[in-house]
Structure formats: C-alpha cells, structure tokens
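Undergrad: Starting off with a structure, shown below.
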Amino acid sequence: MSSSVQPMRVKAAYHRIVDNFQPVFLVSLAAASLVALMRLGTEELTSLVRELQPVHLFFIGFLPAAAVIFYLMRRPCTVYLTDYACFHSSFNHPLARIPMASFVEHNKKTPSMNERSVRFISRLLERSGLGEETCLPAAHNFVPTHEYCTLDNARAEFELVVFSAIDDLLAKTGIAPDAIGILVVNCSLFCPTPSLVDMIIHKYNLRGDIRSMNLSGMGCSAGLISVGLARNLLQVAPRGSHALVVSTETITPNYYVGNERAMLLPNCLFRVGGAAALLSTSPVNARFRLKHLVRTHTGAGNDSAYRCVFQEEDDEGNVGINLSKDLMVIAGKSLEANITRIGPLVLPLREQLQFALSLVARKVFRARTKPYIPNFSKAFKHFCIHAGGRAVIDELQKSLSLSDEQVEASRMTLHRFGNTSSSSLWYELAYMEAKGRMRKGDRVWMIGFGSGFKCNSAAWECIEPAPNADGPWATSIHRYPVVIPDVLKH
C-alpha cells in the first residue's frame, strides 16, 4: 500500500466517525442512563419515581421520541434502481458495424495518416479484445471518414443512441416523462449548445421545473458520478421522486487523424454505446438497491495522474486524446485508494483485520511481505469492471485476484460492444442478467476509471432479477462467452 494512501485512510475514518456521530451519541447516552438506573436500589428507584412530576414524565417520554424522529428525518433516503436500458444497434440503424479489415482500410484513405500509423492500428486491433460486431458512427460508412465528422452528424449520433435507450427504459418501467423530476447526463467530449440535457427535455417534453445537470470532461467513470449526483439530488426531492441518469460518449466529433501513436489508441478502442437508468427513493418495482458509492481522485498535485488521459493537439495541430504509457500504473494506484475507502464499508470483519495486520506488518515493522489483497468475493457476487481495454481488465483481475468467470462480463462486453466509455458498466450488468446469473440478494460491484485521474465504485444489491434476456444482448447472448485469442487474425 503506497504512502500516499495513508491520508485518505485517515480522512475516510474521520468521515465515518462524523457521519455516525449522532446515532453513536444517542445509543451511548441511552446505555449510560440505563446503567445508572440499574445501580439504584429498589428504595431509591421507588423514591425517584414518586418525586417525578407530570412535566418530568412528559419529557422522559417526549425527548427520546423526538430524538428518534429527528434521527429518522435526518437519515439519508435509500435510493433504488428502478430499471435501466442500454442502446443496442440493429440493421435498421444508420450505424456502421464495420469489420476490422474495413476499419483499417478506411484509415488508409485518410490523407494525413501515414502507412506506419495504419500498420500500428492493424496490430493494435488484433490484440485489442474487440470483436467484429462493434459499432461506429454513421460517418464511418464514408471515405474519407473525417470529412463526415460534422456537428450535425454528432448530434444525430447522440439522438439515436440516447433516445433509443430512454425509449426502451420508459417502455420497461411504464413511467411517464412528466414523472421525472431530475435529469443527469454525462458525455465527456461532446458538449454542444443547447446542451445535451436540453435536447432530452425538448424531445420528451419534460417538466419545466426539472433539475437538470450536464456533466462533460469527466471521463469513463462519469456514469457513477452521475449516479452519485442523482442520489444526492433525490435526498432533497420529495419522497418517491424519480431521477433519469444518461451515460454515453459521442464518437463522431472525436476522430483523430494524426500519427501520434498514443493518440491513435482511442480510435481503435472506443465504440458507440449509451445507457439510461431510472433512480428513485421509492422501492415500488425497484430492481436494485444502491448500498454504497465511493469516489476517489488522485490528481491533486500529481501531474502524471492528471495528464495520463489528456486531450491535446499533436505537433501538426490535430486534436485527440493522449493515453499515457503509465495509465495502468496510475489506474492501479487509484484503485488502491478506492479500495481503502470502500473496503471497510463492504468487507467482512475478518477480511478487514487481515488487511489491517498486513498493513501494520509492512509499515510499522518493515516486514518484507506482500500486501494482503482482500477477498472481495466475500463481499460481492458479481463484478462490473470498466471495459476500457484488454490491459485494463487484465490489470484489475490481477490486482483483485479475480477468476476468469468473475471478469467474463467485462471481457465479453469489450468483445461485443467495444469500449463504450461510462455506459460499459451497464452493458456488463445486462450480460450477467441475460445469462440468468443474477439472484435476489446478490451484491454487485461496479468499478469505473476516468481522466483526472479518478476511480469510482458503487455497490448494488439485487432486489428483483430481470425476467428475461431482453436488452443489448438479446440477439447475441447465446453465442457468449467466446474464446478471445491473444492475437486475432482477420
């Protein structure tokens, strides 16, 4: 465990003490009062009762009741996931299911790309873990592609993906659009005017008093940031309110046409996708319960973490996303920080003790032992690891000592849909449900990474599994899992 994590550990302990001060104080006060009464003799207790006036009896009954009511009113409302829906393409959609060979051929037709970059793209795709059915925007149906990456086409991509997902969600839940009081949308690299939330409000004729938020530039972990923001807004909304969370990334305006290798990676990995989720403080028809949501940011004063996913211009003025070679190391440290925060909330006491003893042995007694990796399988049944790429999944599987089956949903999502940014976690959840693996009471751990650098995670508890395999995997789940070779020949 790195020394930089220690201040986070102290801060986490401090917040747990502060957050639980009120119930701890009340329980301690009640226990002290009970002990004091038990120490009194029978005569003393009888004399005390006789001396009590009606006003004393009133306060004896009123104050505890008032304290309990005050605590219940101040206690955060439980937030539920009513349901969710993911965009999935069909042959009727103007999206391009472009085989890898066609994708490479289209890059050859980009005048500014040299032959060396095209060979690099071809080798990268062979090792990427992506399959032949991932979707790219309609602009990729044309050659040269970059000439069709226009603002109008970017808007068309967003509308197709997001409106399709919202339509499916409203159909599944039966919720009327005017019942939605909160709207949170996250899309990192496409931020037009009017905003993306305005496009949704206009399309669905949402309420005039809706609380709407548009998050941009937050990276692939922004989906859980949106869930956290919606959860906080629901705390101050009337009980039973509904919040719509939309997560997507618009690919069209972000096609890089230069020759910087670190900036060619996103072209190869990112694909079209999006998800819509309905949250509420009402348990009616809810399918999951949000147990915990933990956010950690490691970019403060850390240039390498801050710049490891960075939008910039190359030497020729072409704009793209530069992915640092240190990305996996930084992601590992960020995960470490997040584990420090969420571990005490979800792990059994025995796992926490073993983790603490390992930390003390290494930090205090300078023992040359490997750090103890908590067994999160004892806290969670299912794992949704951001499908950012094969290397990301490999690193997390190793760091958390997960089995191949536990990361199957992430690998299959990457293969079938590619890196769909913040929405990938919902595709993974849909995979588990389509496979029929989800059971009532199962706990799910979602882990997302994003620029800045951030690691965010959420713990969900299943209330009602999906009744069928309808959704993004409906037409392909029977073919999965598939064997993904180290090098794909095409």
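Undergrad: Select from the range 287-382 those trypsin sites (Lys or Arg not before Pro) which occupy a DSSP coil region and have at most 11 other Cβ atoms within 10 Å, ordered by residue number.
TA: Listed in order of number, the matching sites are 325, 366, 368.
Undergrad: At 25 °C and a viscosity of 0.890 mPa s, what translational diffusion coefficient does Stokes-Einstein give for the range 286-377, taking Rh as the Kirkwood radius over Cα pairs? Give it in µm²/s as a whole number.
TA: This corresponds to a translational diffusion coefficient of 151 µm²/s.
Undergrad: Moving on to the next point. Find the centroid of the Cα atoms in the range 394-414 and in the range 347-383, then give the distance between the two in whole Å.
TA: Comparing the Cα centres of the range 394-414 and the range 347-383, I get a distance of 20 Å.
Undergrad: Right, here's the next one. What shape does the range 89-177 have by the C-alpha gyration tensor, where a ≥ b ≥ c are the square roots of the eigenvalues, rounded means a/c under 1.5, and otherwise prolate means a/b greater than b/c and oblate the rest?
TA: Details: a/c = 3.32, a/b = 1.95, b/c = 1.70.
Prolate, since a/c reaches 1.5 and a/b exceeds b/c.
Undergrad: Within straight cross-link reach of residue 291, meaning Cα distance under 18 Å, which aspartates and glutamates are found once same-chain residues fewer than 8 apart are removed?
TA: Cross-link targets: 19, 83, 442, 461, 464.
Undergrad: Hey, how many Å between the Cα centroid of the range 228-277 and the Cα centroid of the range 443-470?
TA: 14 Å
Undergrad: Cα convex hull of the range 377-427: mean projected area in nm², to one decimal? Can you show the working numbers first?
TA: On the way: hull surface 13.2 nm².
Seen from a random direction, the Cα hull of the range 377-427 projects 3.3 nm² on average.
Undergrad: Also, I was wondering about something else. Hey, what's the Cα Rg ratio for the range 147-258 versus the globular rule of thumb, 2.2 N^0.38 Å? Please list the in-between numbers first.
TA: Details: Rg = 14.5 Å, N = 112, 2.2 N^0.38 = 13.2 Å.
Output field value: 1.10.
Undergrad: Could I ask something else about it? Using protein chains only and a probe of 1.4 angstrom, how many square angstrom of residue 355 are accessible, to the nearest 10?
TA: Surface open to solvent at residue 355 totals about 30 Å².
Undergrad: Now for a different question. Just the number: Rg to Rh for the range 415-480, Cα atoms, Kirkwood Rh, two decimals.
TA: Dividing the radius of gyration by the Kirkwood radius yields 1.00.
Undergrad: Too long at a 28 Å Cα-Cα cut-off: which of 172/381; 333/435; 108/333; 378/398? Numbers along the way, then the final one.
TA: Values: 172/381 25 Å; 333/435 32 Å; 108/333 38 Å; 378/398 17 Å.
From the list (172/381; 333/435; 108/333; 378/398), the Cα-Cα distance tops 28 Å for 333/435; 108/333.
Undergrad: To continue, here is another question. How high is the relative contact order of the range 77-223, in percent, with contacts defined as C-alpha pairs under 8 Å that are six or more residues apart?
TA: 22 percent
Undergrad: So what's the range 205-339 giving for Rg/Rh, alpha carbon basis, Kirkwood Rh from the mean inverse pair distance?
TA: 1.04
Undergrad: Checking the cross-link filter: which lysines have an alpha carbon closer than 21 Å to that of residue 109, excluding same-chain neighbours under 8 positions apart?
TA: The qualifying lysines are none; the list is empty.
Undergrad: Ok, one more. Return the Cα extents of the range 374-490 along principal axes one, two and three, sorted largest first, each rounded to a whole Å.
TA: Principal axes ranked by extent give 40, 35, 25 Å for the Cα atoms.
Undergrad: How would 119, 97 rank on accessible area, largest to smallest, probe 1.4 Å?
TA: 119, 97
Undergrad: Leaving ligands, DNA and RNA out of it, rank 120, 142, 383 by accessible area with a 1.4 Å probe, largest first.
TA: Final ranking, largest accessible area leading: 142, 120, 383.
The values are calculated or read from the model by the stated rules, or taken from the named source; none is laboratory data. Model, not experiment: these values are computed from the prediction. Positions of Cβ are backbone-derived with ideal geometry, glycine not excepted, and every protein chain shown enters the neighbour counts. Each accessible area value is taken on the protein alone, full model and side chains, heavy atoms only, with ligands, DNA and RNA left out. Shrake-Rupley method; radii C 1.70, N 1.55, O 1.52, S 1.80 Å.
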